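Below is one structure; the comments refer to it alone.
The values are calculated or read from the model by the stated rules, or taken from the named source; none is laboratory data. Since we're looking at a predicted model, the values are computed, not measured. Every residue, glycine as well, gets a Cβ built from its backbone with ideal geometry; the counts of neighbours run over all protein chains shown.
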Amino acid sequence: MFNGKCAYCESKIIVVTYGAIEHFYPKSQYPDLTFTWENLLLSCDKCNDANHKGTNFPLDDITGNPLLIDPTDGVTDPNTHLEFVWDEMAKLASVYGRDRRGQIVEDLFDLNGMRGRKELINYRSQYIKRLLALLRLAKQGDSEVLSVLQEACQPGAEYYAFASIYILPHLPP
């Protein structure tokens with residue numbers, strides 16, 4: 001389902017850390033969902049550790065609905081809640097919450113490396129920087145590079161959210 005990448009940070013599991021089977025609804029709070037297929041996600045052990053998601057599961061005070069974005073629900077567009085920003089001067093690929101749900105995701109998973117996940121933002125930034133360099137080559141007519149970029153713009157690709165914003169619109173149809 002996640003093509004070997006973390007359901008939350010979109011990093012290839014083998015690149016950033018070991019993988020873990022994550023329970024979207026924590027098994028300690030929702031034991032009846034422990035073995036429900038839709039509740040099981042592939043996650044890197046950083047996103048799933050006690051300093052990040054772990055058993056943290058914020059709920060809306062009024063509705064009781066989860067504030068985390070469920071990557072499997074098929075309805076919620078992460079772009080509604082998260083802004084994916086490439087800073088050309090700093091060469092950084094950052095993720096910012098557009099609203100409360102997005103801010104919770106940004107903070108809980110430390111998507112910008114503010115609480116020690118510097119390797120995540122460094123790796124993601126290097127990856128996007130390489131894609132942008134390839135895009136310049138593709139615009140010069142390099143068909144092999146174009147096929148690499150088209151592959152990087154598929155939903156199963158690492159950091160697809162960034163590629164879909166910064167690369168895909170510039171590719172020929």
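In table form, for the structure just shown:
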read-out: Residue in the stretch 97-121 that is nearest to Ile14 (Cα to Cα), counting only those that are in contact with a helix residue (DSSP H, G or I) (Cβ under 6 Å, 6 or more places away or on another chain) and surrounded by fewer than 18 Cβ atoms within 10 Å (Cβ to Cβ); value: Gly113
read-out: Which listed residue, of Ser94, Ser125, is in contact with a helix residue (DSSP H, G or I) (Cβ under 8 Å, 6 or more places away or on another chain), modelled with pLDDT of 90 or more and either assigned to a loop (DSSP other than H, G, I, E, B) or closer than 23 Å to Ala7 by Cβ (or both); value: Ser94
read-out: Qualifying residue in the stretch 16-25 (condition: among the aliphatic types (A, V, I, L, M) and either closer than 15 Å to Leu120 by Cβ or in contact (Cβ under 8 Å) with a residue 60 or more places away in the chain (or both)); value: yes
read-out: Residues that are out of contact with any strand residue (DSSP E or B) (no Cβ under 9 Å at 6 or more places or on another chain) and more than 15 Å from Cys6 (Cβ to Cβ), drawn from the stretch 38-50; value: Glu38, Ala50
read-out: Single condition Val75 does not satisfy, out of (1) assigned to a loop (DSSP other than H, G, I, E, B); (2) in contact with a helix residue (DSSP H, G or I) (Cβ under 9 Å, 6 or more places away or on another chain); (3) hydrophobic (A, V, I, L, M, F, W, C); value: (2)
read-out: Residue ID - surrounded by the fewest Cβ atoms within 10 Å (Cβ to Cβ), chosen from residues in the stretch 143-162 that are more than 17 Å from Ala7 (Cβ to Cβ) and in contact with a helix residue (DSSP H, G or I) (Cβ under 7 Å, 6 or more places away or on another chain); value: Val148
read-out: Exclusive hit being part of a loop (DSSP other than H, G, I, E, B) and under 23 Å from Ile21 (Cα atoms), set Leu111, Leu120; value: Leu111
read-out: Residue among Arg117, Arg124 that is closer than 16 Å to Trp86 by Cα, in contact (Cβ under 8 Å) with a residue 12 or more places away in the chain and under 17 Å from the mean Cα position of the chain (by Cα); value: Arg124
read-out: Qualifying residue in the stretch 32-47 (condition: touching an Asp or Glu at 6+ places or on another chain (Cβ under 7 Å), part of a strand (DSSP E or B) and among the polar types (S, T, N, Q)); value: yes
read-out: Which listed residue, of Leu82, Leu67, is crowded, with 17+ Cβ neighbours inside 10 Å, over 19 Å from Tyr160 (Cβ atoms) and at pLDDT 95 or above; value: Leu67
read-out: Test: residue in the stretch 134-156 that is in a loop (DSSP other than H, G, I, E, B), touching a residue at least 60 places away in the same chain (Cβ under 8 Å) and within 25 Å of Gly54 (Cα to Cα); value: yes
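Quick grid of which residues meet (1) among the small types (Gly, Ala, Ser); (2) more than 15 Å from the chain's Cα centre (by Cα):
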position	(1), (2)
Asn3	no, no
Ala7	yes, no
Ser11	yes, no
Gly19	yes, no
Ser28	yes, yes
Leu40	no, yes
Ser43	yes, no
His52	no, no
